Structures are given as C-alpha cells and as structure tokens.
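Notes to accompany the following structure.
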Amino acid sequence: MTSRRQIRVGKSWMSPSEAEKALREAIRVQKEEERQHGDDHHHQGFVRTYIFSTDHKWIGIQYAITALLFLLFGFGLMLIMRWQLAFPGQPIPFLAGLLGDARAPGGILLPEAYNELGAMHGTIMVFLAIVPLAVGAFGNYVVPLQIGAPDMAFPKLNMMSYWVYAVGGVIMLMSFFAPAGAAQSGWTSYPPLSVIAGAGQTWWLVGMIFLITSSLLGSVNFLVTIIQLRAPGLTFMKLPFFVWAQFITSFLLLLAFPPLEAAGVMQLMDRVLGTSFFLPTGLVVGGEIVQAAGGGSPLLWQHLFWFLAHPEVYVLILPALGIVAEVIANNTRKPLWGYRAMVYATIFLGFMSFVVWAHHMFLTGMGTTISAFFQTTTMIISIPSVVILTSLFLSLWGSSMRFNTPMLFALAFLPMFGIGGLTGLPLGLAAADIHLHDTYYVIGHFHYVVAPGTIFAMMAGIYYWYPKVTGRKMNEKLGKLHFWLSLVFINVIFAPMFIQGLAGISRRLYDGGEQYAHAHPALKMNIPMSYAAWLLLLAQLPFIFNFFASIKWGEKVGSNPWSATTLEWAATTSPPLGHGNFVEIPVVHRGPYEYNAPGTTDEMDFLAQNAEDPVAPDGGFFPQHAVAKQEA
Amino acid sequence: MSGHSVEEIKRETRVYLTVFAALAALTVITVAVSYLHLSGWVAIALALAIASVKGFLVAGFFMHLLSEKKLVIAVLVLTVVFLLVLLWGPWHSAYDSIGG
Amino acid sequence: MEIPYTIQARPDTGLYNGKLGIWLFLASEVMLFGALFSSLILLRTGAETWPAGWERLNVPLATLNTFILIGSSVTVILSWASLRLGDFRKAKIYLGITLLCGLGFMVIKAIEYGTKFSHHYYPSTDTFYSVYYMMTGLHGLHVLGGMVVFAYLLGPGAKMWEKEPGRYTNRVEVTGLYWHFVDLVWIFLFPILYLL
C-alpha cells in the first residue's frame, strides 16, 4: 500500500488531485446553474420568494414559525388556567390587566373565561400548533428531500395550503375579540351548548373550515408527491419510516376531515340560519324553550366530530413516531429493528383508526352491541402501536448510542408515549370508562401522548434537522438543559392527573373541583402541578434563545453533520430556494438505515441511500458528496 | 395525454353517447317509478338500485374507472369502505341504544 | 426546475400527477357528501314523521336539472375527446355548452329556492328543509366551483393550449373528472331527496 497524502473533503478522503478535480467540477456545475437560471432568479421579488413562496422548504419554515408561535400562545392560555386550578378564586398576578374586567373582574377569572381558555387551548394546540408543525413544517421541508424530489407535486397548492391555514389562524385569534369572548364549548364544540353559545363560536366554526380546507389541500399534495416523485430506485420499502408515517397521516387527513367539515357547516347553519341539525325537540335553556324547529340530534355532531377526531390523534402521533425512528436509527448507528413490521403496523393502524371513534362516546347511551364493537376495535388498535413502540425499543439493543440532544428527546419519547398509550387502555374499555370518562385521567392520558410524546419528538426533529435548514448546529449544552428541565417538569404536571382522575375529579371545572370534598387530597396536587407548568415555560427559554442565536453563532457544519444515510443529507446544506434540491436527482441503491452494514468501516460506518456501492481499490470508500459529481 | 388513435377516440365517443342515452332512460324510469308511491324499503331499494346503475355508468365510462389504474381503484375501494362505516355507525348507534 | 410527471404518466403508477391528485380529492369529497347522507339517514330514521320528497319538492324541475347535468357530463367529455384529436375550436364549444348547462342548473335551482322562500319555507322551518337546503346547497356550491374553473379554461387559461397542449388537455380531463363527480352526487341526491 502506497502512502499517498490524502485530503479530507467533507466526509471523504481523497488524493490532492482528486480533491482539486472535485472542487473544480463543483464550481463548474454551480456556474452552469447560475448561467441557466440566473435570469429567473432576478425576476422573483421579495414577495414571491418569501411571502407567497412555492418552494416547499420556505413553506415548511413558514409553517414552523407560525406553528411554534401558536404552540407558545396555546401554552400560555393553559398557564393562566393553571393559576385558577391551583388557587381558585384568587386574583391572578401580572395578567389581571391583560385579561380585563370582562374576563377577570378584580383579577379573578370568571368561569366563562376559564372555559374560553380551555376551549381555545385545545383547539390551538391540536389544529394550529401540533399538526401544522408535524405535517406542515416537518413534512413539507423533509419529505421531498428524503424522497429525492425537486419539490412537492403541486407547489402552488402548497403555498395556498399555508395561507389558508394562516387565515384560519388569524380568524381563531380574532375570535377572542368577539362580544362574549372566543369559543367556550370545548375543542369538541358539543351542541346544544355550542349552538346557543356566543358569537365567538361562529368565528371558531369559520376558522375550522379554513383549517380543514388547508389540511385537505396539503394531504393531496403529500400523497401525490410521495407516490409520484420518489427518486429512481426508491421503492416503498426503501422509504425512511418518516415518509411512511407522513404518507399514512395524509391518508387519515384526506378521508377523516371531510365529515367534520360537513358537521361544521351544519353547526354554522344551526347557529346562523336557525336550522336544528343538532338541536333536539323541546330544548329548554335557562328555563326558556328554545325557538327552533327541533328534531335534530346532538349525538349526530358527536359521531361526525369523533369520526375525524379519532384519526386526528393518530395524525398527532404518527409524524412524531417518524421523527423518533429517524433520530434513533441515526444515533444508534444501526438499522431500525423490525422496519417491515413497523410499516405494516402503521398501515394497519391507519385503517383501524377509522373504526374506533365511538370509544369517545361510551357514556352517551349506546347499546351493548355497538359498544362491544367499538371496544373490540379499540383493543385491536393498541396492537400496532405496541408493535411500533417495541420495535423502537428493540432498535436500541446492541447499539453504539450517541447521546446528543435530539437523541435524548427521542429516547424520552419512548417511555412517555408508552405511559400515554397504556393509560389509554382502561379508557377503551366501557366498564372502566364509566368511572374515568371526562375526568382528569383522560387529560393525563392524552397529554402524555401529545406533550412528552409528540412535542418531545418535535423537539428532537428541530434539533436534528436544524443543521440541514440553517447550516449550523444548535448549542448542545443549552439543548441538554432544555431537555432535562422539560422532562422533569412535564412529568410533574401530568403524572398526578391520573391520580386525580381516579379520585373522581371531573375535567373542565373552572375551580378545579373545589366542591368535591372527597377529592381534596388529590386537588392539593394542583399546586405543585401549576408550579411545574410555569417552570416548564421557563425551561423553554434556553430553547428559544438557542433557536435564534444559533442561526448566527451556531457551530457551522457541512451537509451531513450527523453522518446520516437518508437522502435529505445528500442535498447541500441549507438548500437554496427555488432551485430544486439536488444538483442531480439522486439514484437510490439501498434501504434507509444502512448503518454499520457490510462494506462500511469504522471510519465510515454508514452507507448513504444514494451512495454507489462501496469500491475498494485501496481499501477506501467514497460516499456521494452532494456537490462533487460522481462519475456515472 | 394518451397515445390513442383517431379511430379509438371516435369509438369512445360513440360509447359516451350510448351511455348518455342509457342515463336519460334510467332517469325517466326512476321518476316514473316514484309516481307509483311505493312504500318503505321497496321504494328505497329500487331508487338506490337505479341510482347505482346510473352511478356505475358515469363512474365506469365517463370517468373511465373501468380502465383506470389499480392505484386509483385501490384508493376508491378504501374510501368506499370508510364511507360505509360512516353511513352505518351513527345510524346504528341511534338505533341500538340504552333506553330507546 | 421542473416537476416530473406533470404531463407524462409515471411508468409504475401509470398516472400523471394531476390525475392522481384529482382522484384523491374526489375521495375526500365522497367522505364529505357521505357525512351528509349519514346525517340524513340518522335524522330521517330518528324522526317521528318525515314527508315524502315529492310532497314538498318540485320533481319536474329537478328532473329537468338531472337531464341538464347528465348532458353537461357528456359535453365535457366530448370536449376532452376533441382536444385529444387536436380540435381546439370544437373543444371550446363543448366546454362552453358545459358551462351553460351549469348555469342552467343553477338558474333552475334559484327558481326552486325562490319559490320555497316565497312560501316561507326556510332552512329553519323544519329538519326536512334543513337537510334539503344543506345538501342541495353544498352540491350547488360545487357546481359553481366547477363553473368557475370552466370559465377560466375558456378564458385566461385557454392560452395554455398554444404552448403546452398536453398540459391543457390534462387540465380539461381533471376538471371533467371533478364535474362527473358532481353529476354522480346529484344522481344519488335527486332520488333520495325528491323521490323517496
């Protein structure tokens, strides 16, 4: 073996002449691109590039910023509520002025205001924060890159999706200024209460119609993109699990949302045109007979709502599972265990999610037959979730684990989601649900899945893909601080809720259940829970600072700082807007997680999906570098 | 854009016109049947049957589903399954309830 | 930067992007109207009394509308066939007839609604009318939507035929599929609301 001097170019080792050739080739390609596309570049003004962009990467960033702002705002609403829960009837410090006399005379939150905060917290978190972040932001930015596509299939439709979502968000925010406040009938908007409620409810319904429309447009885009624009060689079973998750999620959004859109229009008609789709005959409110035709069914709303809202919870979790899978595979340096099982489980889960919805309605007087049907399907649907979670746990076995911030969040996700999932089981059985329905147990259950579940996965995704978007890594020390504080506080908030629920404390009580004498020991826990919530807000400060500061001062990295295998890391760092994503459309030769696969070395322990099969003229490897063009 | 020949397109046009005639006839039939004022399930079954035939013709020939790719058929089959669940669920739960 | 398979079909799926997109969208529309039919079933079977459609609604007018819509389904597909034969003039005529049929449908619908309103039969009158206005109203909005697209394809959108005839033909095909679906919904809506 000759001892030639080798130069490190990105992740490869090359001889000086090869490095020079690669660099010259890269410059030549760039000049060629500029020559060809230089003209259009100058004609796209600021508005076309940054406001009405049709580039999936910028739209993803728009979604991310908007969604994160809504996440913070929705969190803030809950922080106000937590004061009332810990110290019912006591004036709120600092914010009494902001809330005003209409909502908090003398600083003491009115029940209507509490309900308003609760309904809007739920609505904003689910529809304006989590789904836009999980699907709109991560999905939009990452999916086309991971499948080797130049953009989404319908870029203009993508742009419209974002703006319809933004308008829906504005409408939701405006609803706070309605005469009697924003929606107050829960995020579930059950009639007859929602039909007789104040004007804010109408705003809510209109806002929902915009959000649902945005979602539908987006889901068509995702499905066509994933089916039609996969790079050559990228078969379905070679897709990163993240793409599978987004794929099934989009099917859920496509087919489950329309019934809620229909129901929303019907509730609007009930409110505005005086119809009685959901108003029963002989309805009496406050001692007075409601002037409506009657003949409607409140349960009809519940069916149509939950027909969407159950698949919706899988929309909340699937992209998160996708992110966790990516981060785990990357930081264990080995392929995912049971990839096929995970894929089939996800498909099965998606299908089953359409036939379990009435487990949210066990206490509405349904008969035993139909109740048994939904219990059975609900128990069955727990199986694929267990398969996926088990596969992720087993993927940790025998790994060379790296404990960076994204991995910490992904690891924590596993037991947290496990707790969330397991606590769902008694809720899915009608007999146990009689005791637990509408108690704090339910709140604990779903928050475990969404908060230390999905949101932690979102955090993992942000820390993981930040270098791809910005070309810099976020600070690790701040990241770890953010992680540990969040983990501790979030558990202090939600774990006691199971105990509270079992003690019989109902949800949606503005004083937290003060009248329940038997529950006082459990109620006392509200105080540490609320403190933990406010501390959780403080724990986000290192993250927020890190997020913005790292844009300027973060450690600069190349195109593949995590040594990852999937295609988004083969694109250049911070791929430029409007120019497609890859210098040349990648060709895929292998599966998504070829870490420590045969043909790798200690130095280069992974094979990128689009890398040529390893050739060993002198025992070295030359993985694809985005900028240097390989020979055919 | 498909590479069909002029002949094939002209043949397809004849099919479209035949289907139109069938649809028109079926419309007349379904309206005529309604004048019989049949009751309950018979009327419903008959109306839905005729509508299904008409729907099949529109979907199969105008929308070319009879010659459409498997992927599209698969998506539609899945959709119809969920549609049937949606049509059955709320009604059955109202029908099978505790205390009538 | 070009998105692949906008005009040519992708070999393994056999579809171009727009066609797959419209079928997915139509699947969601099936669920939308399905929810309305489901509501109708629940409300009707749960009601003490429910009038027959012909007792309250104008069957002859609706029958005429049915013929108009079916006719427009034929004209839109003949338009697409003409485009495939390269006959842009004929295609535009057929598109125009389709648009006129849509207009006719809406006019008759307006007459129906107008007559009802003049007799004080509003959505709020009873559940039968709520359902009637709701379903025909949403269907009517879909007809309007289709008309807007046809007007675009005849107007500013027609320029595309010169530069990219394949892409224009695909657009007409995709819009046609949507229009056939609107017809399909009416094929079920008409007997269920008016004849039962």
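The values are calculated or read from the model by the stated rules, or taken from the named source; none is laboratory data. None of these values were measured; they are calculated from a predicted model. Note: ideal-geometry Cβ built from the backbone for every residue, glycine included; neighbour counts use all protein chains shown.
Answer yes or no: is there a residue in the range C:97-106 that is within 14 Å of chain A (Cβ to nearest Cβ), surrounded by fewer than 20 Cβ atoms within 10 Å (Cβ to Cβ) and at negative phi.
no
Let me confirm something: among A:Thr439, A:Thr390, which residue is surrounded by 15 or more Cβ atoms within 10 Å (Cβ to Cβ) and touching a strand residue (DSSP E or B) at 6+ places or on another chain (Cβ under 7 Å)?
Within the list A:Thr439, A:Thr390, the selection yields A:Thr439.
Considering only residues that are under 30 Å from A:Phe251 (Cβ atoms) and surrounded by fewer than 22 Cβ atoms within 10 Å (Cβ to Cβ), look in the range A:76-132 and name the one that is nearest to the chain's Cα centre (by Cα).
A:Val126
Among (1) free of Cβ contacts under 8 Å to residues at least 12 places away in the same chain; (2) out of contact with any Pro (no Cβ under 6 Å at 6 or more places or on another chain); (3) farther than 22 Å from C:Leu153 by Cα, where does C:Leu57 come up short?
(1)
Got a sec? Which of C:Thr13, C:Thr6 is at the interface with chain A (Cβ under 7 Å from one of its Cβ atoms) and surrounded by fewer than 23 Cβ atoms within 10 Å (Cβ to Cβ)?
When all the criteria are applied, what remains is C:Thr13.
Any idea which residue in the range A:266-278 is nearest to the chain's Cα centre (by Cα), counting only those that are facing chain C (nearest Cβ under 7 Å) and either surrounded by fewer than 23 Cβ atoms within 10 Å (Cβ to Cβ) or basic (Lys, Arg) (or both)?
Among residues in the range A:266-278 that are facing chain C (nearest Cβ under 7 Å) and either surrounded by fewer than 23 Cβ atoms within 10 Å (Cβ to Cβ) or basic (Lys, Arg) (or both), the one nearest to the chain's Cα centre (by Cα) is A:Met269.
Restricting attention to the range A:70-78, does a residue exist that is outside any helix (DSSP H, G or I) and of a type in the set (A, V, I, L, M, F, W, C)?
No; the residues of the range A:70-78 include none that is outside any helix (DSSP H, G or I) and of a type in the set (A, V, I, L, M, F, W, C).
Given the criterion out of contact with any Phe, Trp or Tyr (no Cβ under 6 Å at 6 or more places or on another chain), assigned to a helix (DSSP H, G or I) and over 23 Å from B:Leu57 (Cβ atoms), identify the matching residue among C:Tyr129, C:Tyr94, C:Tyr152.
C:Tyr152
Looking at the structure I just gave you, is C:Tyr121 among the aromatic types (Phe, Trp, Tyr) and part of a helix (DSSP H, G or I)? Spell out the reasoning first.
Numbers: among the aromatic types (Phe, Trp, Tyr): yes; part of a helix (DSSP H, G or I): no.
Criteria not met by C:Tyr121.
Which residues, counting only those in the range A:147-200, are without any contact (Cβ under 8 Å) to a residue 60 or more places away in the chain and polar (S, T, N, Q)?
Correct list: A:Ser175 only.
Would you say C:Phe33 is buried (at least 20 other Cβ atoms within 10 Å of the Cβ), part of a helix (DSSP H, G or I) and aromatic (Phe, Trp, Tyr)?
yes
Here's the yes/no breakdown for (1) touching a helix residue (DSSP H, G or I) at 6+ places or on another chain (Cβ under 6 Å); (2) within 11 Å of another protein chain (Cβ to nearest Cβ); (3) under 18 Å from C:Ile22 (Cβ atoms):
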site	(1), (2), (3)
C:Ser72	yes, yes, yes
C:Leu78	yes, yes, no
C:Gly86	no, yes, no
C:Tyr122	no, yes, no
C:Thr127	yes, yes, no
C:Met134	no, yes, no
C:Val148	no, no, yes
C:Pro165	no, yes, no
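Being among the charged types (D, E, K, R) and either assigned to a loop (DSSP other than H, G, I, E, B) or surrounded by fewer than 23 Cβ atoms within 10 Å (Cβ to Cβ) (or both) is the filter here, so list the residues in the range A:326-364 that pass it.
A:Arg333, A:Lys334, A:Arg340
Condition check ((1) more than 14 Å from every other protein chain (Cβ to nearest Cβ); (2) over 20 Å from C:Met31 (Cβ atoms)) across all residues:
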residue	(1), (2)
A:Lys156	no, yes
A:Ala180	yes, yes
A:Ser185	yes, yes
A:Ser250	no, no
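Which of the following residues is at pLDDT 95 or above and surrounded by 19 or more Cβ atoms within 10 Å (Cβ to Cβ): A:Ala460, A:Ala495, A:Ala522?
Details: A:Ala495 fails: surrounded by 19 or more Cβ atoms within 10 Å (Cβ to Cβ); A:Ala522 fails: at pLDDT 95 or above.
Exactly one residue qualifies, and that residue is A:Ala460.
Evaluate the following for A:Ala549: is it surrounded by 18 or more Cβ atoms within 10 Å (Cβ to Cβ) and touching a helix residue (DSSP H, G or I) at 6+ places or on another chain (Cβ under 9 Å)?
For A:Ala549, the condition - surrounded by 18 or more Cβ atoms within 10 Å (Cβ to Cβ) and touching a helix residue (DSSP H, G or I) at 6+ places or on another chain (Cβ under 9 Å) - is not met.
Being crowded, with 17+ Cβ neighbours inside 10 Å and more than 8 Å from chain A (Cβ to nearest Cβ) is the filter; apply it to the range B:86-100 and report the residue that is nearest to A:Gly296 (Cα to Cα).
Among them, the one singled out is B:Trp91.
Here is a list: C:Ser28, C:Ser82. Which entry is facing chain A (nearest Cβ under 10 Å) and of a type in the set (S, T, N, Q)?
Within the list C:Ser28, C:Ser82, the selection yields C:Ser28.
What pairs can you find where one residue is in the range A:316-342 and under 18 Å from A:Met401 (Cα atoms) and without any contact (Cβ under 8 Å) to a residue 40 or more places away in the chain, the other is in a loop (DSSP other than H, G, I, E, B) and among the basic types (Lys, Arg), and their Cβ atoms are less than 8 Å apart, with a gap of 6+ or different chains?
From the range A:316-342, no pairs qualify.
Go through A:Gly296, A:Gly286 for me and flag whichever is modelled with pLDDT under 95 and surrounded by fewer than 24 Cβ atoms within 10 Å (Cβ to Cβ).
Exactly one of A:Gly296, A:Gly286 is modelled with pLDDT under 95 and surrounded by fewer than 24 Cβ atoms within 10 Å (Cβ to Cβ), namely A:Gly286.
With the checklist (1) closer than 30 Å to A:Arg230 by Cα; (2) free of Cβ contacts under 8 Å to residues at least 60 places away in the same chain in hand, flag the one item A:Val142 doesn't pass.
Answer for A:Val142: the failing condition is (2).
What about B:Val15, is it more than 8 Å from chain C (Cβ to nearest Cβ), part of a helix (DSSP H, G or I), touching a residue at least 40 places away in the same chain (Cβ under 8 Å) and under 25 Å from C:Ile77 (Cβ atoms)?
Spelling it out, B:Val15 is indeed more than 8 Å from chain C (Cβ to nearest Cβ), part of a helix (DSSP H, G or I), touching a residue at least 40 places away in the same chain (Cβ under 8 Å) and under 25 Å from C:Ile77 (Cβ atoms).
Quick one: would you say B:Val58 is over 14 Å from the mean Cα position of the chain (by Cα), in a helix (DSSP H, G or I), under 30 Å from C:Arg167 (Cβ atoms) and of a type outside the set (Asp, Glu)? Even if it seems obvious, please write down each step before you answer.
Numbers: over 14 Å from the mean Cα position of the chain (by Cα): no; in a helix (DSSP H, G or I): yes; under 30 Å from C:Arg167 (Cβ atoms): yes; of a type outside the set (Asp, Glu): yes.
Criteria not met by B:Val58.
Hey, can you tell me all the residues within the range B:65-85 that are at the interface with chain C (Cβ under 7 Å from one of its Cβ atoms) and in a loop (DSSP other than H, G, I, E, B)?
Matches in the range B:65-85: B:Lys69 only.
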